[in-house]
Amino acid sequence: MDYLEIKDIYFSYQSREVLKNINISINKGESITIFGPNGSGKTTLLKIILGILKPDEGKIFFKGKDILKFSERERAKIFSYVPQKVYTFFPMSTFDYLILGRTPYINGFIKKEDKEIVLNWIEKFNLDYIKDLNFQFLSEGEKQLITLIRTFIQGSEVIILDEPLTHLDLKYRFKILNILKKIKEMGKTIISVFHDLESIKNISDRVVLIKNGKILEIGEVDKILTKENLTILFDEDFIKFTKAESLFL
Amino acid sequence: MNKKIFVLILIFLTIIIFLLSMSFGSKSYSFLEIIKFLLNPKEGDELLLKIRFPRVLSSFLVGASLSIAGLLSQTLFLNPLADPFLFGISSGANFFVTLSLFLGLDMIFKFSLSFFSFLGALFTTFIILLISRMKGKITPLNLLLAGIALSYLFSSISSFLTIWGRDVLNKSVFWTLTGFSTVNIDKIYILILILIPATIFSILLNVQLDAYSLGEDEAVSVGVNIKFLKSILLFLIALLTGVSVYVSGIIGFIGLMVPNILRSLFGLNHLKLISLSILLGGLLLMSSDLIGRFILFPTEIPVSIITSFLGAPFFFYLLFKKRSY
Amino acid sequence: MKKLLISSSKKPLILLFILLLSFTIFINPKTSNGWGVNFVYNLGEKGYVFNGVKNSFSNEPIVLNGRLTIPLRDLARVFEIEISWNENEKSVEFFVGKEKVKLFIGKDFYYYGNEKKSLLIKPFIYKNLTYLGLRDFSDILNLKLEWNNIKKSIYISGNFYPVVKIKDDLGNEITFYEPPKRIVSLAPSNTEILFALGLNKEIIGVTEFCDYPDDAKNKEKIGGFSNPNLEKIYSLKPDFVFGVRGNPKETLINLTKLKIDVLAYDPKNLDDLFNLIITVGKITDKREEAYNLVSKMKEKRDSIVEKAEKLKKKKVYLEIWNNPYMSVGENTYLNKLIEDAGGINIAKKAKGDWPILSQEFIITENPEVIIIAYMGQNIEEVLKRPGWENIDAVKNKRIYYINPDLIYRLGPRIIDGMEELFNLIHKENLKEILKVKKNSSLFYKKGFVSFSYYE
C-alpha cells in the first residue's frame, strides 16, 4: 500500500480548470517538490492535500484511507503547513503563535505539557530571545522560520511547504534549508514547492513537473531537470544557455 | 503596563464601582448595609433586592456579554474593528421591535417588546447564515455583505412602519434608549441563563479561536473545523447580543472597545481575553450606568449615550496610536 | 274669468310647497355671513353693552351737531377692527370685508373700495384722538342703527366680518378678508377645535388620526400627522390649512408656495390654547362660538381648581411610557393640569420635559396615585412589577388608566382630561367626583389586536 496517494484529482475555480488528472504516489520519508510556472496550480494542489480545498473529482489516500474521512484534528496530526505568506490579523507573542501547533492535541485548555513541549523546541533552536516578542513585528525570515518550527511542535509526519524561501535573505535561506535537511533526516515526508533549482537539488528526491494544471513528468531530481524539460515547462529556450546551472545559483 | 497590575486594578475598580453603584440612587445605602445585604439578601431592603441589585448586576453582566460578543465578532471577522452589531443584528432587533409596536403586540405579555428584540437578533443571524451558506462559504465578506443588505432592508421597512403606524416612531426610539432603568429581578434570570452557558462555551473554544486568528487556511492546517466554528461563533454572538438587547436595548462601543484594549495588552490568548472581557466590559458598563444615573439625577441619561461619549475618544486613540499591522 | 281648476291630486303638492316656502321665510338658518353683533349705548354714559357683555369706553363720546361721535380707537377695539393711520394723507384705513375703507380728517366723504361715499360728520381730532360719527361708522359697516328716543339709547345690530391679520408661531402672516370655506386640519387637536366651533361644513380634509368627533371620521383623509400628503391637500383646493408643531415644516412651506394660506401653532399651555381658539374663531367667523367655548372651558377649569383646593393634595405619577419609564416635567402643561387638579407631580423635580425615571425614583417618591397615559398597559401587570409592592398606589390599588387623547390633544377636550385627572386623583372622595363625560372612550383598537383597558 502506498504511503500517500494522490489519485485522479480535478479542480476548477470560477469555471477555469486549475488541476487536471493529477496522479502522484509519494513514499514515506521522501522529499518531493512540485515544480512549474506561476499559475500552474501548485499551491492549489498543496491546499487539496491539506484538506483546505476539496477537489471536484478524485481522492487523496493516506495509508489507504481517504483523507477527507479523517477529522480535521486527525489530519492536522498527519500534515502540517508552512504557507507562502503568513498573515497576522492581531497582535500575539511568538510563544502564543508556536503553541498553536499543539491545537490538534489540545482539548479545551492549554496544559503545562503543551507549554513545555514548546519551550523545549524553542530551546533547541535557540529562539529564547524571540518568544515574547510580538509575532507581527518579526521579519519575513523570522516569521517563516518560526512557522517551520511550529511544524515540529505539531509533530506531523508530513510537512508541506509552499515556496518557503521566496522572500528570504541569504541568512534565512541557509537556516531553513538546514532545518529541512534535519527534517529529512528525521524520516519525515516533505512535499514542497520551490522556484529555484538549487534548493530542489539540495532537498528533494523527486520532482513533479506541472504545467497548466497537468503533470508533465515525475522523476528523480538528477534525471528530470534537463534543459529540454525546462524548455517545454516554461516555453522558454533554455537550451541555448550552456551553463544553465550557473543561472540559478 | 504590567499585566498583573492591570488586572489587580480592574478587580479593585470593579469592587469600588460596584459598591458605589449599589449605594447611590434615590435612596442611599452605606457600604456596610450593602455588605450585610450581600451576605443575606433576603433580609435586605426591598428596594435593594428587587431594583438596585438587579440593576447593578445586570449592567455588569450585559457589559460582560457585549464584550465577549465583541471579541468573538472580531475573531470571526479577523478584524479588530468589528463589533457585535456589524452584520445587522441591531437593525434586525429594531425591526422586530418596530413591527411589534406597529401590530400592537408590544404589550401582549410581560417584556414582550424586549422578547421581540431578542427574536429579531436571532432571526437576523439565522437569515445571514442561510444567505452565506447559499453563497457557498461563510467568509467575513459574505457575512458583511449579507448583513449590510439586511440592514438596509430592515431599516427601510422599519421607517415605513414608523410613518404609517401611530406612535411607533417615538416608542421605538425610546426602546433603544431604555438602558437599565426598567430592569428588575425577572429580567436578570434570562440574562444569567443565557450568559453562563454562552461564556462557558466560548471558553471551551478558546484554543480553536486562537488558531482561527491565524487565518482560515492556517487554522485548517492545525486542525480547526472552521465551518463548524464559524457557525457556532455566529450563534454565540447572536445569543449574547440578543440577550443584551433584550435587557437594555442597543448599547454600542463596549463590544468594540473592550477587546481592542485587552488585545493590545494580552495578545492573542482567548482564554485570558474572554475572562478579562467579563471583568473590563462589566466594569465599563457598570460605570457608565452609574454616570448616567448620577449626572442629571433624578433624570436618567440612557446608558447608550454615555458609552457613545466614551467611544469617541477611543476612536481618536485608535487613530493616533502606533499601528501594529 | 276662467276658474282655475286644481285637480285633487295636485292639492297636497301645492300645500307642501306653501309650507316649505313659509319655512324658508320664518326659519332662517344661521349662515356664516359674518359676526353677529349687538351694541347698546345709553347717551351720557361711558358704558355700553356689546353682545351681552358690559364694558366701557376709555374716552368720553362727544355729541356734535346732535350726532354722537366716538373715538375711532374705541370703536375699533369694541368691534375688533384693525385701523391704520396714514400720516401723509391724514387718513385712516380699515377693511370691511374685501373693501378697503379710507376716511379723511375733515372731509365729509370716504372711499369704500373705489366707490366714493358721503359721511354725515367730518372726522375730527380732539385731544389727539380721531373721532367718527357713530351712525357713519354703523353705515360703513353695513350695520343697522336704531335710536330709541324714550330711553335715549342707541342700538346697533347686524353681521360683519372683521378683517383679521394673523401671525402664527412659524412667523407666517396672513390677512383674512373673509372667512375660509374650505379648511384642512393637520392634527387631531386642530380638528377637534374646528368641530367645536361648528365648522363641520367647512372642514374638507383631516389626518388619518383625526377620530373625534365621529363626523371627523367621515372626512377626506390627507395622510398622517408627520407625513401629510402635499398633493392630496392641494387637490382638495383648501383656502386655509391649519397645522401644528410636528407637521413637517417643508410641507407647510410648500403649501405656502402653492399660494395656500397656512397657519401653524405650537400651544404650550392652556392660555396658549385659549388664545388659539379665539384666533381660529376670529378667522373662521365663529367669534361668539369661540368666546363661549373658551369661557366655558375656563369656567370648568376654575371650578375644578376650586374643588381641588379644598381637598388634600395627592402625590401623582403620570406614566406616559413604560419602556423606559417616562413622565412629565415641570414645564409641561400636563404638570400644571395635574397640579391644578389637586395632584403633586412626582416627576416635577426631574430635569427635562419628558424625563426618563428610574424605578428607584418612582418607588422612593411613593406616589399615592398612578395614572397610565398610554394604551396597552395592563393594570394588573403594574401591580405585579417587582419592587413596586410597597408603593402606596400599588398597595391601595389606585392605578388608573386615562384616555391619552384627553390629555395629549391640546384642544376642547383638555378640560375633560383635567376633570378626569381630578376624578382619578380624588377617587376615594366619592362625593367630589364630577360628572365623567361618557364619550371619553376607554377602549382602543390598534392594528390587528383589540384590547380594552379598564381600571
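On average, how many beta carbons from a partner chain sit within 10 Å of the beta carbon of a residue in C:383-392?
What the average comes to for C:383-392 is 4.
Would you mind checking region C:145-170 for residues with the amide N under 20 Å from a putative spin-label position 7 Å along Cα→C-beta of C:Val49?
The answer is C:145-159, whose backbone nitrogens lie closer than 20 Å to the label point.
So, R0 is 41 Å and r is the distance between the beta-carbons of C:Glu146 and C:Ile174; what FRET efficiency does that work out to, to 0.05?
On the way: r = 36 Å, r/R0 = 0.87.
Efficiency at R0 = 41 Å is approximately 0.70.
Could you give me D for region C:165-285, from Stokes-Einstein at 10 °C and 1.306 mPa s, where the hydrodynamic radius is the Kirkwood radius over C-alpha pairs? Units µm² s⁻¹, please.
113 µm²/s
About the Cα centre, and with charges only on the beta carbon of Lys, Arg (+1) and Asp, Glu (-1), how big is the dipole of chain B? Nearest 20 debye, please.
It comes to approximately 340 debye.
Over the Cα atoms of region C:89-194, what radius of gyration and what Dmax do you get, in Å?
Looking at region C:89-194, its Cα Rg and Dmax stand at 18.1, 54 Å.
What are the extents of the Cα atoms of region B:199-279 along their three principal axes, listed from largest to smallest and rounded to whole Å?
Principal-axis extents of the Cα atoms in region B:199-279, largest first: 41, 28, 19 Å.
Positive end of the charge dipole of chain A (Lys, Arg +1 and Asp, Glu -1 on Cβ, about the Cα centre): tell me which of A:Asn23, A:Leu50, A:Gly141 has its Cα farthest that way.
A:Leu50
What three numbers, in Å, describe the spread of the alpha carbons of chain A along their principal axes, ordered from the longest?
Ordered largest first, chain A gives principal extents of 57, 42, 35 Å.
Using Cα centres only, tell me the gap between region B:81-149 and region C:231-305 in whole Å.
Using only Cα atoms, the two centres lie 44 Å from each other.
Taking the dipole about the Cα centre of region C:35-160, with the C-beta of Lys and Arg at +1 and of Asp and Glu at -1, give me whichever of C:Pro71, C:Leu143, C:Leu120 is farthest to the positive side.
The listed residue farthest towards the positive side: C:Leu120.
What's the exposure ranking of B:Phe253, B:Phe309, C:Phe209, going from fewest to most Cβ atoms within 10 Å?
B:Phe309, C:Phe209, B:Phe253
Starting with the fewest neighbours, write out C:Lys152, C:Lys90, A:Lys184 ranked by other beta-carbon atoms found within 10 Å of each beta-carbon.
Ranked by crowding around the Cβ, least crowded first: C:Lys152, C:Lys90, A:Lys184.
Mean separation of Cα pairs under 8 Å and 6+ residues apart, divided by the residue count of region B:236-306: what relative contact order is that in percent?
With pairs under 8 Å counted, the relative contact order is 26 percent.
Of A:Phe90, A:Phe125, A:Phe62, which has the largest mean-square fluctuation in a 10 Å C-alpha GNM of chain A?
Among A:Phe90, A:Phe125, A:Phe62, the largest GNM mean-square fluctuation belongs to A:Phe90.
What is the magnitude of the charge dipole of the protein assembly as shown about its Cα centre, with +1 placed on the Cβ of each Lys and Arg, -1 on the Cβ of each Asp and Glu, and no other charges, expressed in debye to the nearest 20?
In debye, rounded to 20, the protein assembly as shown gives about 1880.
For the pair C:Leu129 and A:Glu30, how long in nm is the line joining their label points, each one 7 Å along Cα→Cβ?
If labels sit at C:Leu129 and A:Glu30, their model points lie 12.6 nm apart.
Could you work out, residue by residue across B:102-108, how many beta carbons of other chains sit within 10 Å of that residue's beta carbon, and then give the average as an integer?
6
For chain C, compute Rh as the Kirkwood radius over C-alpha pairs and then the Stokes-Einstein diffusion coefficient at 10 °C and 1.306 mPa s; write the answer in µm²/s, rounded to an integer.
Numbers: Rh = 26.0 Å.
D, rounded to a whole number, is 61 µm²/s.
Using the Kirkwood radius over Cα pairs, work out the Stokes-Einstein diffusion coefficient for region C:35-160 at 25 °C and 0.890 mPa s, in µm²/s as a whole number.
Values: Rh = 14.8 Å.
In µm²/s, the coefficient rounds to 166.
Anything in chain B that counts as a DSSP H helix reaching 15 Å or more along its axis (C-alpha) with Kyte-Doolittle mean of at least -0.5? List them, would you? Walk me through the numbers on the way to the answer.
Numbers: long enough: B:3-23 (30 Å, 2.40); B:53-77 (36 Å, 1.30); B:89-102 (19 Å, 1.39); B:112-135 (34 Å, 1.53); B:140-164 (35 Å, 1.48); B:185-204 (29 Å, 2.20); B:226-248 (32 Å, 1.90); B:254-266 (17 Å, 1.42); B:270-294 (35 Å, 1.32); B:303-320 (27 Å, 1.93).
Both cut-offs are met by B:3-23, B:53-77, B:89-102, B:112-135, B:140-164, B:185-204, B:226-248, B:254-266, B:270-294, B:303-320.
Once you put a point 7 Å from the Cα of C:Lys384 and another 7 Å from the Cα of C:Tyr234, both along the Cβ direction, what distance in nm separates them?
With each label point 7 Å from Cα toward Cβ, the separation is 5.4 nm.
Hey, fewest Cβ within 10 Å first, where do A:Glu57, C:Glu99 land in order? Could the numbers behind the result be given before it?
Numbers: A:Glu57 13, C:Glu99 16.
Fewest-to-most ranking of A:Glu57, C:Glu99: A:Glu57, C:Glu99.
Find the Cα radius of gyration of the protein assembly as shown, compare it with 2.2 N^0.38 Å by division, and give the number to two decimals.
Against the compact-globule rule of thumb, the ratio is 1.42.
Relative contact order of region C:35-160, please, whole-number percent, based on alpha carbon pairs below 8 angstrom and at least 6 residues apart.
26 percent
Given q = 0.13, 0.19 Å⁻¹, what are the Debye log10 I(q)/I(0) values for region C:325-386, with equal point scatterers placed on the Cα positions and solvent ignored?
Summing over Cα pairs of region C:325-386 leads to -0.35, -0.76.
Using 22 Å as the Cα-Cα cut-off, could you pick out the over-long pairs in C:Lys237/C:Lys259; C:Lys117/C:Lys152; A:Lys111/B:Lys230?
From the list (C:Lys237/C:Lys259; C:Lys117/C:Lys152; A:Lys111/B:Lys230), the Cα-Cα distance tops 22 Å for C:Lys117/C:Lys152; A:Lys111/B:Lys230.
With both bridge residues required to lie in chain A, what share of the DSSP beta bridges run antiparallel, to the nearest 5%? Could you put the intermediate results ahead of the total?
Details: 21 of 38 bridges.
Percentage antiparallel, nearest 5: 55.
Using only the Cα atoms of region A:102-249, what are the Rg and Dmax in Å?
Expressed in Å, the Cα Rg and Dmax of region A:102-249 come to 18.6, 60.
Using Cα-only point scatterers and the Debye equation, what is log10 of I(q)/I(0) for region B:140-249 at each q in 0.11, 0.13, 0.15 Å⁻¹, rounded to two decimals?
Once normalised to I(0) and log-transformed, intensities are -0.56, -0.73, -0.88.
Across region B:3-320, what fraction of all alpha-carbon pairs, as a whole percent, falls in each successive 20 Å bin from zero upward?
Once binned at 20 Å, the Cα pair distances of region B:3-320 give 32, 57, 10.
Which one, A:Glu220, A:Glu113, A:Glu198, has the greatest fluctuation when you compute a Gaussian network model over chain A with C-alpha springs under 10 angstrom?
A:Glu113
Please compute, over every Cα-Cα pair in region A:37-96, the percentage with a separation greater than 19 angstrom.
44 percent
Quick one: dipole size for chain C, taken about the Cα centre, charges +1 on Lys/Arg Cβ and -1 on Asp/Glu Cβ, in debye to the nearest 20.
The dipole of chain C has a size of about 1560 debye.
Since every read-out is calculated from the coordinates, none of them should be taken as a lab result. Just so we're clear, the structure is a prediction, and the values are computed from it rather than from any experiment. Counting neighbours? That spans all protein chains shown, and the Cβs are built from the backbone with ideal geometry, glycine included.
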